[in-house]
Amino acid sequence: MSASRPWRAFGIVAAAYLFALGVAIAAALAVPAAHPLLKIALGTAVGTLVVFAFSRAFNNTSVYDAYWSVAPLCAAVYLFAGPGAGGARGAVLLLLFGTWSWRLTLNWARGWKGFEDEDWRYADIRKVTGGAYWWASAFGLHLFPTVVVFLGLLPAHPAFASAVPFGALDVLAAVVTVGAIAIETVADEQLRGFRAKPSASVCNVGLWRYSRHPNYFGEIGFWFGVWLFGVAAGAPWWAALGPLAMVALFVFASIPLMERRLLSRRAGYADHVARTSMLVPWPRKSND
């Protein structure tokens, strides 16, 4: 692959997302009286369909991967600038969304090498589904994660829209969210370093020594931080569906897929599983 081809691929992906954003805005404007969350649901749905069309056109589902970090920031900007009440909570939360989005999108971009590169999970699903792959991609790999992201944003609406003053719980929410971003950043960098110079078959350096998936722990922590901002603003009980959906996605889908792959490919990973916490960083068990 030439040096220019990845940049061409990134340009196409950027164009796809800008087009998707335009379509999403148009869809939201078509229902001016709708609740802000309904506008977000409609916008993210049609935007996802646009991204799916590009995934299908270029035969690469990884075109969708950046959605996870880009769409929530767009929704946060809308909630802050549109129905938002302003104030310290909204400003802090928007800053945290921007920091999280930039870092996670950059992490994806550093690892993606263009249209010849596709996430191994998609390749495995292609083998299983055969001719039905693009149906599976549309509903399972595009729309389903979009629904999870939308659920994650449920507490963001009251956090941005409420006029409840910034208080102690907001400070706790900020600490949790910043800590989660830091954990995910450190975990991703440690994993990148391990992959560049593998000294063992299992990554057990730094945070990875105390958790088999510290990057996922950080990601879940971010959404719990968003929820805490919502609680501080008086969010209803059902806003907790946001972080709970994230826990369910990683614990019952992402982690099992990753674990099966590592167990089949990495000597000693079974011992790592027996000694190391799955998600929450925790002291390792002894060999006894």
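Tabulated results
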| item | result |
| --- | --- |
| The lone exception for TYR78 - which of (1) hydroxyl-bearing (Ser, Thr, Tyr); (2) closer than 20 Å to ASP188 by Cα; (3) more than 12 Å from the chain's Cα centre (by Cα) it fails | (2) |
| Residue among VAL50, VAL70 that alone is over 27 Å from LEU93 (Cα atoms), in a helix (DSSP H, G or I), in contact (Cβ under 8 Å) with a residue 24 or more places away in the chain and within 20 Å of the chain's Cα centre (by Cα) | VAL50 |
| Residue check for ARG126: part of a helix (DSSP H, G or I) and touching a residue at least 60 places away in the same chain (Cβ under 8 Å) | no |
| Qualifying residue in segment 275-288 (condition: among the small types (Gly, Ala, Ser) and part of a helix (DSSP H, G or I)) | no |
| Qualifying residue in segment 197-209 (condition: of a type in the set (Ser, Thr, Tyr) and part of a loop (DSSP other than H, G, I, E, B)) | yes |
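For (1) among the basic types (Lys, Arg); (2) at pLDDT 95 or above; (3) at positive phi, each residue gets a yes or a no:
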residue: TYR17; (1), (2), (3): no, yes, no
residue: ILE25; (1), (2), (3): no, yes, no
residue: ALA28; (1), (2), (3): no, yes, no
residue: ALA45; (1), (2), (3): no, yes, no
residue: THR48; (1), (2), (3): no, yes, no
residue: ASN60; (1), (2), (3): no, yes, no
residue: ASP65; (1), (2), (3): no, yes, no
residue: PRO83; (1), (2), (3): no, no, no
residue: GLY86; (1), (2), (3): no, no, yes
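Quick grid of which residues meet (1) under 25 Å from ALA161 (Cβ atoms); (2) β-branched (Val, Ile, Thr):
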residue	(1), (2)
ALA16	no, no
PHE19	no, no
ILE25	yes, yes
ALA33	yes, no
PRO36	yes, no
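The values are calculated or read from the model by the stated rules, or taken from the named source; none is laboratory data. All values derive from a computational prediction rather than experimental measurement. Positions of Cβ are generated from backbone atoms using ideal geometry, with glycine treated the same way; all protein chains shown enter the neighbour counts.
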